[in-house]
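The values are calculated or read from the model by the stated rules, or taken from the named source; none is laboratory data. Treat the numbers as computed from the prediction; the structure is a model and nothing was measured. Note that we place each Cβ from the backbone using ideal geometry, even for glycine, and neighbour counts take in every protein chain shown.
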Amino acid sequence: MPRGNTRPNPDPLSRAVSDVIRKTLQGKGMSGRKLSTQAGIGHSTGALLLKGTMSWTLTELEAVCAALDLTASSVVGEAETRVRRRGLHAVPGVPPTTETAANKRRPVAAAHMDREPGSTIGGEES
């Protein structure tokens with residue numbers, strides 16, 4: 001079993017998430033240590049996440065957002081906006097989506113509406 005940090009290096013989106021959360025902490029006058037305690041993550045992990053030197057897991061992001069009374073989607077949305085303003089790709093090698101392309105996607109719920117009653121998705125009954 002691998003030892004140490006096996007997470008990938010933080011990409012621009014992960015670093016932008018850290019920026020958004022740090023700014024929120026400053027606005028609330030809360031310390032990173034207090035946030036880590038409230039979110040149930042280790043203080044050293046919390047410090048690395050807030051510095052932007054460690055990639056976020058969804059579990060950590062959700063716990064931190066809950067402690068700050070935010071939604072993960074609002075934090076990631078703000079982070080994506082910041083990354084786009086800087087002219088960077090959120091994930092290296094993956095081009096950003098455009099508003100036009102995003103509007104053409106069908107929501108997951110809409111894809112399920114076309115099914116026959118009693119049909120299955122991925123082998124599970126609905």
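Hey, could you check the stretch 11-27 for residues that are within 16 Å of residue 70 (Cβ to Cβ) and of a type in the set (Ser, Thr, Tyr) and say which is farthest from the chain's Cα centre (by Cα)?
Looking only at the stretch 11-27, we keep the residues that are within 16 Å of residue 70 (Cβ to Cβ), and these are 16-27.
Next, only the ones that are of a type in the set (Ser, Thr, Tyr) stay: 18, 24.
Values: 18: 10, 24: 15 Å.
If we take residues in the stretch 11-27 being within 16 Å of residue 70 (Cβ to Cβ) and of a type in the set (Ser, Thr, Tyr), then 24 is farthest from the chain's Cα centre (by Cα).
Scanning the stretch 42-58 for residues being over 22 Å from residue 81 (Cβ atoms), surrounded by fewer than 19 Cβ atoms within 10 Å (Cβ to Cβ) and touching a helix residue (DSSP H, G or I) at 6+ places or on another chain (Cβ under 8 Å) gives a total of 4.
The residue list 61, 13, 25 contains one member that is touching a strand residue (DSSP E or B) at 6+ places or on another chain (Cβ under 7 Å) and within 29 Å of residue 87 (Cα to Cα), which is 13.
Only one of the numbered conditions (1) more than 17 Å from the chain's Cα centre (by Cα); (2) assigned to a helix (DSSP H, G or I); (3) hydrophobic (A, V, I, L, M, F, W, C) is violated by residue 30, and that is (2).
What residue, of 33, 82, is farther than 21 Å from residue 7 by Cα, loosely packed, with under 13 Cβ neighbours inside 10 Å, touching a residue at least 12 places away in the same chain (Cβ under 8 Å) and of a type outside the set (Gly, Ala, Ser)?
Details: 82 fails: loosely packed, with under 13 Cβ neighbours inside 10 Å.
When all the criteria are applied, what remains is 33.
Filter the stretch 76-85 down to the residues that are hydrophobic (A, V, I, L, M, F, W, C) and touching a Leu at 6+ places or on another chain (Cβ under 7 Å), then identify the one that is modelled with the lowest pLDDT.
As a first pass, look at the stretch 76-85 and keep what is hydrophobic (A, V, I, L, M, F, W, C): 76, 79, 83.
With touching a Leu at 6+ places or on another chain (Cβ under 7 Å) added as a condition, the list becomes 79, 83.
Values: 79: 93, 83: 89.
Residue satisfying both the conditions and the ranking: 83.
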